[in-house]
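Single-structure report; data block below.
Nothing in this text is a laboratory measurement; each read-out follows from the coordinates by a stated rule. Computed from a predicted model, the values in this text were never measured in an experiment. We place every Cβ from the backbone using ideal geometry, glycine too, and count neighbours over all the protein chains shown.
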């Protein structure tokens with residue numbers, strides 16, 4: 001959609017009854033194209049002319065205009081759509097919300113805006129049980145992972161905050177942007193499991209710096225595998241070294257002797 005698209009759309013709507021709900025062969029309507037390309041003037045015109053299009057999902061992936069603007073890092077469009085009270089909890093066909101999409105594309109400025117204004121939940125999960133941190137690890141987005149990890153909160157602090165919440169005279173829902181690093185997906189994998197499975201030394205090193213409990217290293221997935229099982233399976237010596245250098249002798253011994261559901265240690 002070029003810079004001259006707005007007057008063209010306006011002319012077609014007002015003089016030729018252009019159907020703004022019509023989609024192309026890819027299931028994309030004019031509102032989706034305008035959001036993808038950051039054409040704020042066109043977005044404003046379309047929404048003001050047809051308010052129902054604010055939540056129109058494209059038919060292939062189920063992305064709403066808000067999710068598309070997040071995906072393509074069109075911050076001004078994101079801000080406008082939020083101002084029009086778009087659904088901030090919108091998800092696509094895979095259950096991914098705005099934070100997942102930002103984590104996947106690696107663009108920080110849009111996610112920072114959403115987080116700073118409490119417009120997204122960093123602990124929300126998609127249909128695979130992935131949090132935004134899981135997604136960032138899978139996409140190998142180092143700077144995004146670093147940003148998300150700086151939003152982590154130790155589990156002991158979560159318990160303390162919940163206690164404070166329930167001790168208030170008029171308790172409100174506890175909503176923080178702090179991310180839970182030990183979250184497990186539907187396969188039982190934490191972000192550290194996924195980083196080890198991919199053999200990414202740099203990401204493993206970063207994740208272990210934010211592990212506030214030794215138990216995190218021993219969390220088994222649904223196959224009974226610890227992160228060390230997975231890094232041993234892919235044969236990444238560098239990633240294994242990064243993991244083991246962060247643990248003490250007794251924990252290292254526990255990792256070496258931990259058995260998965262088939263009774264295998266990391267040496268099998």
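Some notes on this structure:
- Between residue 55 and residue 139, residue separation times 0.36 nm minus the direct Cα-Cα distance comes to 27.5 nm.
- The peptide list 102-114, 246-258, put in order of mean Cβ contacts within 10 Å with the highest first, becomes 102-114, 246-258.
- Peptides 195-205, 136-146 ordered by average Cβ neighbours within 10 Å, highest first: 195-205, 136-146
- Cα convex hull of the stretch 188-268, projected area averaged across orientations, nm²: 4.5 nm²
- Simple spin-label estimate for residue 25 and residue 88 in nanometres, 7 Å along Cα-Cβ: 4.0 nm
- Taking 0.36 nm per residue of sequence separation and removing the Cα-Cα distance, the residue 187/residue 259 pair yields an extension gain of 24.2 nm.
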